[in-house]
Amino acid sequence: MKLGFLLFDFFPYGGLQRDCLKITQLCAARGHDVTIFTRTWQGERPLDVRVALFGRSGASNIARNRAWVKQLAQALPGEKLDGVIGFNKLPGLDIYYGSDPCYAAKVQRLKSFWYKWLPRYHHFKRLEQSVFAHGQRTHVLVLTEREIPHYQGFYKTERERFHLLPPGIERRTFTEEQKLETRAQLRHGQGWDYDNLLLLVGSGFRVKGLDRAIRSLAALPIEMRERTRLIVIGQNRPTEFELLARQLSVDDRVHFLGGRDDVFDWLLAADLLIHPARSEAAGMILLEALTAGLPVLATDVCGYAPHIERANAGRILPSPFVQEQCDIAVREMFVSDERSAWSANGASYAAREDLYSCHERAVEIIESLVSGKR
């Protein structure tokens, strides 16, 4: 089959981008003619998948999106594709890979009433409606059940258009000796041998709750704060968060490492993963932490938060978010007698549950749906 995959922009450290590349490469390996249509591409291009670049034109994000929608409408008919799969909400999709939360529900939960008057809201609401409105033909691959009622509540989306996927983290195997060696090497290399390491991973620092994590670091008792560091891994501008850290006098305890390929090594080296997200449809890093045996502190808005609860591998903060609850949880988790149990429980859960077959299952569904369309 001839398949087209649509993605606004590709950069190597985004979870959505990695999912797109993995699924397209699996499709190519199964003999399909695959093209990724995108505006920009950072990093090495795959050898087994064609990449069609459109470039970015327009003075604002909305203008750039509208320009690309027009470009796609002009270019895709000539490609004579059997199936069009989108990793962003766009009109004309056969299949949408739904890793983002419902935009309308997120605005209702997090924004003031006047936000709905802005052009930005109407733009993204229309894009979402083009996928989920009742009567549309787009099938939706979802990572968790919890987003389905939101879409149905706002758009009356037919239930049979949703297809639930299992998680899709990489399966890891390592010995306790290898874990201790990796932990010692990373810590010693930075001179952090004896510090508590609080780890936050994810691009989109505000959505992931980095400001909340910095405030919790600053709220630690002074003796604990002086031997605790917040390690931040992700591709995003740190300027406003560096300023916040300076204002709270913890700028020497917050370290921005950028996007990295050795994230799992840092999961082995850290003492606690903090993920106080404001919005998170899934949260793959929570499951990665389970496989590493790293205790997790996350908010209940994360789609994969129930895995942490079922595994008994950390704590989940309830909504609405209260900063003081997060501060107390960080302090208590660092000194808790349950730390070793959380670690063992997470590793055991990751060994027995299917947290790994998302991409393979997505390819099977794509093949079935596109074949049915043909």
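No value in this document is a laboratory result; all are computed from the given coordinates. What you see is a predicted model; the values in this text were computed from it and never measured. Quick reminder, even Gly has a Cβ in these numbers, built from the backbone with ideal geometry, and neighbours come from all protein chains shown.
What the table shows:
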quantity: Rounded to whole Å, sorted largest first: equivalent-ellipsoid semi-axes of region 176-352, Cα gyration tensor; calculated: 22, 19, 16
quantity: Region 179-278: chymotrypsin sites (Phe, Trp or Tyr not before Pro) in DSSP coil with no more than 11 other Cβ atoms inside 10 Å; calculated: Tyr194
quantity: Euclidean distance between Cα centres, region 22-50 to region 257-336, Å; calculated: 31
quantity: Among Cys20, Val51, Ala282 the positive-end extreme of the charge dipole of the chain (Cβ point charges); calculated: Val51
quantity: Mean projected area in nm² (Cα convex hull; one quarter of hull surface) for region 258-374; calculated: 9.3
quantity: Degrees separating the helix 15-29 axis from the principal Cα axis of the chain, which is the longest one; calculated: 50
quantity: Lys/Arg +1, Asp/Glu -1 at C-beta; the chain dipole; positive extreme among Pro101, Gly153, Pro167; calculated: Gly153
quantity: Anchor Lys2: lysines whose Cα lies under 28 Å away (excluding residues fewer than 8 positions away in-chain); calculated: Lys22, Lys70, Lys80, Lys89, Lys373
quantity: Cα long-axis angle, helix 119-132 against the chain (0 to 90 degrees, to the nearest 10); calculated: 70
quantity: Considering only the chain, percent of DSSP beta bridges that pair antiparallel, nearest 5; calculated: 0
quantity: Max mean-square fluctuation residue, GNM over the chain, Cα-Cα springs under 10 Å, options Leu76, Leu210, Leu286; calculated: Leu76
quantity: Ranking of Ser57, Ser112 by count of other Cβ atoms within 10 Å, fewest first; calculated: Ser112, Ser57
quantity: Paired Rg and Dmax values of the chain, which use every Cα atom, in angstrom; calculated: 21.3, 66
quantity: Contour minus Cα-Cα distance for Thr175 and Tyr115 (0.36 nm per residue); calculated: 16.5 nm
quantity: Relative exposure of His32, His123, His134, judged by other C-beta atoms within 10 Å (fewest first); calculated: His134, His123, His32
quantity: Longest DSSP-loop-exposure-free segment, GluC sites (Glu not before Pro), the chain, at most 16 other Cβ within 10 Å; calculated: 45-157
quantity: Check: region 176-352 dipole with +1 on Lys, Arg Cβ and -1 on Asp, Glu Cβ, in debye; calculated: 360
quantity: Assigned charges on the beta-carbon of Lys, Arg, Asp, Glu; region 48-203 dipole about Cα centre (debye); calculated: 980
quantity: Sorted by Cβ neighbour density within 10 Å, fewest at the top, the residues Thr173, Thr35, Thr24, Thr228; calculated: Thr173, Thr35, Thr228, Thr24
quantity: Derived scalar couplings ³J(HN,Hα) [region 195-208; Karplus, 6.51 cos²θ - 1.76 cosθ + 1.60; whole Hz; x for Gly, Pro]; calculated: 8, 6, 10, 9, 10, 10, 10, x, 7, x, 4, 5, 4, 6
quantity: Relative contact order for the chain, counting Cα pairs under 8 Å that sit 6 or more residues apart, in percent; calculated: 15
quantity: Whole-Hz couplings from phi, Karplus 6.51/-1.76/1.60, listed for region 240-251; x for Gly and Pro; calculated: 5, 7, 5, 5, 4, 4, 5, 4, 9, 6, 10, 4
